[in-house]
1. Would it be correct to say that LEU72 is touching a residue at least 40 places away in the same chain (Cβ under 8 Å) and in contact with a Lys or Arg (Cβ under 8 Å, 6 or more places away or on another chain)?
2. Can you report the number of residues in region 55-69 which are among the polar types (S, T, N, Q) and in contact (Cβ under 8 Å) with a residue 24 or more places away in the chain?
3. Against the definition (open to solvent by 80 Å² or more (accessible area, probe 1.4 Å) and either modelled with pLDDT under 95 or not acidic (Asp, Glu) (or both)), how does LEU46 come out, yes or no?
4. Just give me the residues in region 159-173 being in a loop (DSSP other than H, G, I, E, B) and modelled with pLDDT under 75, in sequence order.
5. Restricting region 94-147 to residues that are in contact with a Pro (Cβ under 9 Å, 6 or more places away or on another chain), small (Gly, Ala, Ser) and at pLDDT 85 or above, which is most open to solvent (accessible area, probe 1.4 Å)?
6. Please state which one of ALA90, ALA53 is farther than 13 Å from THR112 by Cα and not hydroxyl-bearing (Ser, Thr, Tyr).
7. For residues in region 1-43 being open to solvent by 90 Å² or more (accessible area, probe 1.4 Å) and closer than 30 Å to PRO116 by Cα, which is modelled with the lowest pLDDT?
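The values are calculated or read from the model by the stated rules, or taken from the named source; none is laboratory data. Everything numeric here is computed off the predicted structure, so don't read it as measured data. Neighbour counts run over all protein chains shown; Cβ positions are idealised from the backbone, glycine included. To get the accessible areas, we keep the full protein, side chains included, count just its heavy atoms, and leave off ligands, DNA and RNA. Shrake-Rupley method; radii C 1.70, N 1.55, O 1.52, S 1.80 Å.
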Amino acid sequence: MTTRNGIAAMILLGAVASPVLAQRGNNKFDVAAPTNITFSLTSSALTINWPAASGALHYDAVRRNGTAVEQLGSSPTNAFVLPVPAQGVAYEYQITAVGKLGSASSSWVAYTVPVPTTVTAVLVQPTATGMTTPAGPDQLTAVSNAPGTISLWWSEVPYATHYQVFRSFTGGETDRLI
């Protein structure tokens, strides 16, 4: 007898729980997590943008550097403007959409303010037999700190007055001086 009552209680509980769970999925107060976070940089500000999240009343932004998390503030729109962070430091950003009854956070998105490249001049020194053309740098490092940017570093060449950097392209285009 106990087994029949237990089964009946489980069936009844399942019948009641299913509509409740279905309503939660369609709740008009649910908030979606921000996605497609992008960054734009000017000399005076870093702007973080994202498409408006469904159900969001405002957004909170945080920045992480290693294990240190910093609250950046709150925005009523789907953009957040802050002073330019330190160049070359790898930060991660997270945006939280805050709704009427809850909140949802984006995944962490990495962004590093690029470090400007330094160019050193190459001076050609005449010799007794004519002009000497120095060899190129023996160490070249290229790092992409952010989408669409590449930072270059190389060892200094003695007597160099300037350097020329060429960019090569695939698909038959000729190399271009940048």
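1. Taking the combined requirement at face value, the residue does not satisfy it.
2. We begin by selecting, within region 55-69, every residue among the polar types (S, T, N, Q); these are 65, 67.
If we keep only those that are in contact (Cβ under 8 Å) with a residue 24 or more places away in the chain as well, we get 65.
The qualifying residues number 1.
3. Spelling it out, it is not the case that LEU46 is open to solvent by 80 Å² or more (accessible area, probe 1.4 Å) and either modelled with pLDDT under 95 or not acidic (Asp, Glu) (or both).
4. TYR159, SER168, PHE169, THR170, GLY171, GLY172, GLU173
5. Among those that are in contact with a Pro (Cβ under 9 Å, 6 or more places away or on another chain), small (Gly, Ala, Ser) and at pLDDT 85 or above, it is SER105.
6. Numbers: ALA90 fails: farther than 13 Å from THR112 by Cα.
Every option except ALA53 fails the conditions.
7. Within region 1-43, the subset open to solvent by 90 Å² or more (accessible area, probe 1.4 Å) is 1-5, 10-13, 21, 23-24, 26, 28, 36, 43.
In the following step, the residues that additionally are closer than 30 Å to PRO116 by Cα were identified as 36, 43.
Working: ASN36: 95, SER43: 87.
Per the stated criteria, the residue is SER43.
Residues are listed down the side, and each one gets a yes or a no for (1) more than 17 Å from THR35 (Cα to Cα); (2) among the polar types (S, T, N, Q):
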residue: LEU72; (1), (2): yes, no
residue: TYR93; (1), (2): no, no
residue: SER105; (1), (2): no, yes
residue: PRO116; (1), (2): yes, no
